[in-house]
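What follows is a single structure, written as structure tokens, with notes after it.
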């Protein structure tokens, strides 16, 4: 599949599985799963025609490993980032001492006051390394990487979960757990 077509399909699938299943006539189950056959049919109706082999290529080739198939490969879901109601069934996990969040400078005044909030998503997404956080922040401009005192947050009672592609999820990050010096970690 041509790279542009692959990216277009991936973005459309992310939108459908995370935010707007109705757009493709899908019904997500409570854990966010949709039938692969229904997804392919819905994509076709939206003029995003994919074969099953091309869908496999989109899932395997997504640099963020954003999607996953069920064990029998008949269902698909987004691993995180939903604005629609789903319960991914992720168990609580103990985070590393420091995680990272990529953003851009224009959001720093609000983050300094309010911390990190999930906005229209269910959780705040944190990265295990500065490289990933930098890529995330760069999507909206010049990236700023914030270090999150995840270990201290966890000891203070904040619950963390981790997805199959290594994204850490937490309900919110209060400002006292943040530092803006990449790689040094918060206090």
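The values are calculated or read from the model by the stated rules, or taken from the named source; none is laboratory data. Note that this is a predicted model, so its numbers are computed, not measured. Every residue, glycine as well, gets a Cβ built from its backbone with ideal geometry; the counts of neighbours run over all protein chains shown.
Yes/no matrix, rows are residues, columns are (1) in contact with a strand residue (DSSP E or B) (Cβ under 7 Å, 6 or more places away or on another chain); (2) surrounded by 14 or more Cβ atoms within 10 Å (Cβ to Cβ); (3) farther than 25 Å from residue 171 by Cα:
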| site | (1), (2), (3) |
| --- | --- |
| 44 | no, no, yes |
| 86 | no, yes, no |
| 100 | yes, yes, no |
| 112 | no, no, no |
Residues being within 17 Å of the chain's Cα centre (by Cα) and in a loop (DSSP other than H, G, I, E, B): count how many of those fall in the stretch 6-27. 2
Given the condition in contact (Cβ under 8 Å) with a residue 40 or more places away in the chain, out of contact with any helix residue (DSSP H, G or I) (no Cβ under 9 Å at 6 or more places or on another chain) and either not in a helix (DSSP H, G or I) or not assigned by TED's automatic domain parsing to the domain that holds residue 126 (or both), answer yes or no: does some residue in the stretch 38-51 qualify? no
How do the strands (runs of 3 or more DSSP E) wholly within the stretch 53-149 filter down when requiring 2 or more residues that are over 23 Å from residue 31 (Cβ atoms) and either modelled with pLDDT of 95 or more or within 16 Å of the chain's Cα centre (by Cα) (or both): which remain? 99-104, 143-148
For the stretch 111-126, check the following and say yes or no: at least one residue is over 30 Å from residue 39 (Cβ atoms) and free of Cβ contacts under 8 Å to residues at least 60 places away in the same chain. yes
Restricting attention to the stretch 150-187, which residues are surrounded by fewer than 18 Cβ atoms within 10 Å (Cβ to Cβ), modelled with pLDDT of 95 or more and in contact with a helix residue (DSSP H, G or I) (Cβ under 7 Å, 6 or more places away or on another chain)? 152, 175
Every residue from the stretch 53-77 that is more than 18 Å from residue 7 (Cα to Cα) and crowded, with 18+ Cβ neighbours inside 10 Å: 75
Selection status of residue 164, in a loop (DSSP other than H, G, I, E, B), outside the structural domain of residue 60 (by TED's automatic domain parsing), in contact (Cβ under 8 Å) with a residue 60 or more places away in the chain and within 17 Å of the chain's Cα centre (by Cα): yes
